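Heads up, the thing below is written out as structure tokens.
Readers should treat all values here as calculations from the given coordinates under stated rules, not as data from a laboratory. In this text the structure is predicted, and so the values were computed from the model without any measurement. With ideal geometry, Cβ positions are generated from the backbone for all residues, glycine too; neighbour counts draw on all protein chains shown.
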Ligand code: CO
């Protein structure tokens with residue numbers, strides 16, 4: 001039995017899962033040389049959201065980060081997560097952009113490319129896999145793990161064999177929602193190895209279900225080669241098992257990782273400081289395991305999204321109906337895993353089905369998915385469902401080719417555009433621009449503004465982001481005031497002068513509070529009831545009015561589209577709930593409306 005290797009995730013998935021990917025390059029730099037001495041199997045430090053977030057929120061160049069880490073960690077294999085044909089975004093890119101990206105990522109220092117497709121569609125993985133092999137880099141192809149009647153142990157073993165045949169150097173079982181049980185982990189790994197599987201197997205799981213430590217032990221029993229972990233200060237919950245804990249757990253066993261625990265403790269001290277710096281991003285739900293995920297398979301992040309979407313729609317009482325609708329929609333759509341982007345498709349469609357009737361409201365994303373634009377669904381979608389969603393001419397709309405076959409090459413075009421703008425400083429910039437045309441361009445123009453800098457962090461207790469953190473632990477907290485010496489700001493809300501009676505004598509006492517104060521209240525301030533008129537038509541959802549389809553004086557029928565509203569990031573039609581003449585219109589295009597906002601008078 002070989003030692004188990006550790007893939008350290010602290011520089012990528014750990015902070016993406018727990019700290020909204022906000023760890024900055026300067027938070028990493030001081031500890032890199034020490035991390036380089038540990039002897040990790042690999043350090044995952046790039047890809048996923050670590051491309052988008054630095055450009056969008058940190059005003060930092062992801063390519064600079066890669067080069068810096070490469071320079072400071074010459075002895076460690078650096079890994080990136082590559083979303084197959086989506087690269088580091090959420091749409092398909094043409095092959096030339098995928099190939100150039102892999103080339104420059106390798107050239108700047110990536111050793112191991114972890115390639116995955118949420119639908120396990122090999123056609124989506126083919127170009128990036130070949131590109132990695134062509135570079136001579138280490139190809140770690142993934143099987144995305146989920147639970148459904150089609151995702152059997154045999155399905156996974158067969159998929160791993162396919163990945164091996166296509167030249168994978170190692171294979172990752174990527175359990176991105178943290179649902180794998182000890183038995184499934186054992187059966188899949190043992191089955192693959194017993195049937196002659198040659199590739200080293202790396203198990204990547206999140207701690208969400210609370211079973212992950214046990215699953216890692218059973219994976220070890222089955223002969224797993226590598227396990228994925230985070231340094232403990234940013235670990236567990238929606239993150240991954242803690243590195244130090246796993247190293248301790250296997251110490252003096254046949255699976256001993258051989259990593260130096262004293263060195264890990266020094267690294268831990270560094271990341272404890274970093275975790276404090278980003279304390280405003282900590283959420284109670286993200287810290288605890290949620291075993292219910294294995295029953296309903298809806299990741300915690302998706303539930304909190306649904307809750308906030310339903311709250312905005314004034315329909316939070318429908319949450320149970322939506323949670324019941326999700327598995328039905330998922331089955332009808334051929335069991336896509338509930339991870340981004342397919343979790344968004346299933347989740348929003350389930351909300352729409354409950355609020356407006358089954359498949360009555362169809363966001364563009366649902367249409368694209370059913371057409372095959374994301375790739376092949378794990379199980380077939382029935383013709384009835386295709387017709388229900390796409391209409392009678394569904395056969396003309398569905399594609400059977402690889403989605404990226406529909407895309408034209410982009411590299412030369414994007415390069416020329418950047419040159420013409422006078423912004424081309426390095427070839428890598430073409431990729432930044434091609435993958436993130438708005439955010440990337442703003443960054444390359446030098447117009448990006450960081451949401452915070454290191455000097456701003458940690459945020460004070462009365463910063464809105466800190467308040468959001470406190471409210472996740474104490475939902476009843478209404479307002480938070482901070483006083484240093486003299487009360488200021490909202491001080492009127494808190495009495496600071498008191499008349500105190502002592503033995504029948506009145507004393508006047510003045511209080512100068514120090515430090516942070518939390519004022520708890522009943523919450524939910526008084527909200528003016530929506531105005532109503534005879535024949536009033538009210539918005540059925542919260543959102544922004546995109547267009548008004550009728551004018552005052554028009555006759556409308558019940559069910560006629562009278563406006564469109566952007567809700568839940570998708571455009572939705574608003575239909576009149578009764579017929580008559582439009583006497584008055586109370587909203588303009590661009591207005592924000594709540595559920596129940598009076599939009600029109602129809603008499
Ligand atoms: Co992950």
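Taking R0 as 30 Å, what's the FRET efficiency between residue 292 and residue 463 from their Cβ-Cβ distance, rounded to 0.05?
So, using R0 = 30 Å, E works out to roughly 0.40.
With the convex hull built on the Cα atoms of region 280-417, state its orientation-averaged projected area in nm². Provide the component values of the computation, followed by the final result.
Numbers: hull surface 47.8 nm².
The number I arrive at for region 280-417 is 11.9 nm².
Give the share of C-alpha pairs in each 5 angstrom bin for region 102-241, from 0 to the last occupied bin, in whole percents, shortest bins first.
Result returned by the calculation: 2, 11, 20, 22, 20, 14, 9, 2, 0.
Across 10 Å bins from the origin, how do the percents of Cα pairs in region 1-113 run, short distances first?
Calculated over all Cα pairs of region 1-113, the distribution is 14, 47, 31, 7, 0 percent.
Please give the peptides 167-173, 426-432 ranked by average Cβ packing (other Cβ atoms within 10 Å per residue), highest first, as a rough proxy for protection.
Highest-to-lowest ranking by the protection proxy: 167-173, 426-432.
What Rg and what Dmax come out for region 78-126 when only alpha-carbon atoms are used, in angstroms?
Rg, Dmax (Cα atoms, Å): 10.3, 29.
Let me know the volume per residue of the alpha-carbon convex hull for region 131-196, in Å³.
91
So what does log10 I(q)/I(0) come out to for region 298-340 at q = 0.35 Å⁻¹, using the Debye formula with one equal point on every Cα and no solvent?
-1.17
Between residue 150 and residue 29, what length comes free when the chain is fully extended (0.36 nm per residue of separation minus the Cα-Cα distance, one decimal in nm)?
That pair, residue 150 and residue 29, stretches by 39.1 nm at full extension.
How would you order 69-81, 144-156, 112-124 from highest to lowest mean count of nearby Cβ atoms within 10 Å?
Numbers: 69-81: 19.7, 144-156: 17.2, 112-124: 23.5.
Ranking, from highest mean packing down: 112-124, 69-81, 144-156.
State the Kirkwood hydrodynamic radius of region 394-470 in Å, one decimal place, computed from all pairs of distinct Cα atoms.
16.3
Determine, from the Cβ-Cβ distance of residue 560 and residue 67 and an R0 of 51 Å, the FRET efficiency 1/(1 + (r/R0)^6), rounded to the nearest 0.05.
The computed FRET efficiency comes out at 0.30.
For 24, 166, what's the fewest-to-most ordering of other Cβ within 10 Å of each Cβ?
166, 24
How big is the C-alpha Rg of region 250-358 next to the rule-of-thumb value 2.2 N^0.38 Å, as a ratio?
Normalised Cα radius of gyration, region 250-358: 1.53.
Give, in nm to one decimal, the length gained when the segment between residue 165 and residue 36 is fully stretched (0.36 nm per residue of separation minus the Cα-Cα distance).
In short, 43.2 nm is gained.
Evaluate the relative contact order of region 225-273 (contact order divided by residue number), counting alpha-carbon pairs under 8 angstrom at least 6 apart; express in whole percent.
On the way: 47 pairs, mean separation 16.1, N = 49.
Averaging sequence separation for qualifying contacts and normalising by length gives 33 percent for region 225-273.
Report the gain in length on full extension from residue 445 to residue 388: 0.36 nm times residue separation, minus Cα-Cα distance, nm rounded to one decimal.
In short, 15.9 nm is gained.
Based on the Kirkwood radius over alpha-carbon pairs, what value in µm²/s does the Stokes-Einstein equation return for the translational diffusion coefficient of region 536-602 at 37 °C and 0.692 mPa s? Before the final figure, lay out the partial values.
Values: Rh = 11.5 Å.
It diffuses with D of about 286 µm²/s by this estimate.
For a protection proxy built on the mean count of beta-carbon atoms within 10 angstrom, sort 92-98, 42-48 highest first, please.
42-48, 92-98
Under the Kirkwood approximation applied to all pairs of distinct alpha-carbon atoms, what is the hydrodynamic radius of the chain in Å?
One over the average 1/r among Cα pairs gives 26.9 Å for the chain.
In deg cm²/dmol, rounded to 500, what helix-only [θ] at 222 nm does the chain give when every DSSP H run of at least 4 residues adds -39500 (n - 2.57) and the total is split over its residues?
-10500 deg cm²/dmol
Mind putting together the pair-distance distribution for region 332-479? All Cα pairs, 10 Å bins, whole percent per bin, short to long.
Calculated over all Cα pairs of region 332-479, the distribution is 9, 22, 19, 26, 20, 4 percent.
Average projected area of the Cα convex hull of region 212-291, in nm²? Before the final figure, lay out each step's value.
On the way: hull surface 23.1 nm².
Mean projected area for region 212-291: 5.8 nm², to one decimal.
Need one number: the % of Cα-Cα pairs in region 5-282 sitting beyond the 33 Å mark.
The share of Cα pairs beyond 33 Å in region 5-282 comes to 15 percent.
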